[in-house]
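Here is the structure we will look at.
The values are calculated or read from the model by the stated rules, or taken from the named source; none is laboratory data. Here the structure is a predicted model, which is why all the values come from computation and not from measurement. So basically every Cβ, Gly included, is an ideal-geometry build from the backbone, and we count neighbours across all protein chains shown.
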Amino acid sequence: MNNTNFTRQKFNSIIDESDKEAPLNIAMASSFYMASFKCENIKILKAKENAICDYNIIATAPNNTAAINLCMSLESALKKKRVKIYSLEGLNEGEWVLLDLGDIILHVFNETSRDIYGLDELWSDNENISIPAEYYMPVVDEEATSDGSLENYF
């Protein structure tokens, strides 16, 4: 199984089989998806009462192109799970890409923009939802490395 298929299957299983109810299951699945795109410092923050959403997810992408590709791919995966997408903003530059799911708003930054806009500090007193460590683990194609070689690994 290649990494793309693994990512989609794991994403779907987190949404479908999670012990968490919507929208938290969608937030968890989205954070897994972001990690699979090599995002770092991913945070799921529970919004305060009377906020416009239930959760904000903040992540740093390796570069602007990765941020754009991640959000476009995640949008497609979410639509296949019949999650309504209200808005996808920031695709022209990729410095800050925002994906609005209504109950969840995802913010994908490059490192510089994340520091400039300071959402981490703005929401520092919000509850930080724990993301399982295995979401960050690299996926190795067993078939590619079964003989110990790195042929077909990349």
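Structure values in brief
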quantity: Every residue from segment 59-73 that is of a type outside the set (Gly, Ala, Ser) and more than 12 Å from residue 99 (Cβ to Cβ); calculated: 60, 62, 63, 64, 65, 69
quantity: So residue 70, is it over 14 Å from the mean Cα position of the chain (by Cα) and either surrounded by 17 or more Cβ atoms within 10 Å (Cβ to Cβ) or not basic (Lys, Arg) (or both); calculated: no
quantity: Close pairs (8 angstrom Cβ cut-off, 6 or more residues apart or separate chains): under 22 Å from residue 49 (Cα atoms) in segment 109-128, of a type in the set (Asp, Glu) anywhere; calculated: none
quantity: Among (1) at pLDDT 95 or above; (2) closer than 16 Å to residue 38 by Cα; (3) of a type outside the set (Val, Ile, Thr); (4) not in a loop (DSSP other than H, G, I, E, B) - the single one residue 62 does not satisfy; calculated: (4)
quantity: Tally of residues being buried (at least 17 other Cβ atoms within 10 Å of the Cβ) and either in a loop (DSSP other than H, G, I, E, B) or acidic (Asp, Glu) (or both) across segment 6-52; calculated: 4
quantity: Residue count for segment 76-98, restricted to those that are of a type in the set (Phe, Trp, Tyr) and under 15 Å from the mean Cα position of the chain (by Cα); calculated: 1
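Yes/no matrix, rows are residues, columns are (1) assigned to a strand (DSSP E or B); (2) in contact with a Lys or Arg (Cβ under 9 Å, 6 or more places away or on another chain); (3) at pLDDT 95 or above:
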{"position": "107", "(1), (2), (3)": "yes, yes, yes"}
{"position": "139", "(1), (2), (3)": "no, yes, no"}
{"position": "143", "(1), (2), (3)": "no, no, no"}
{"position": "149", "(1), (2), (3)": "no, no, no"}
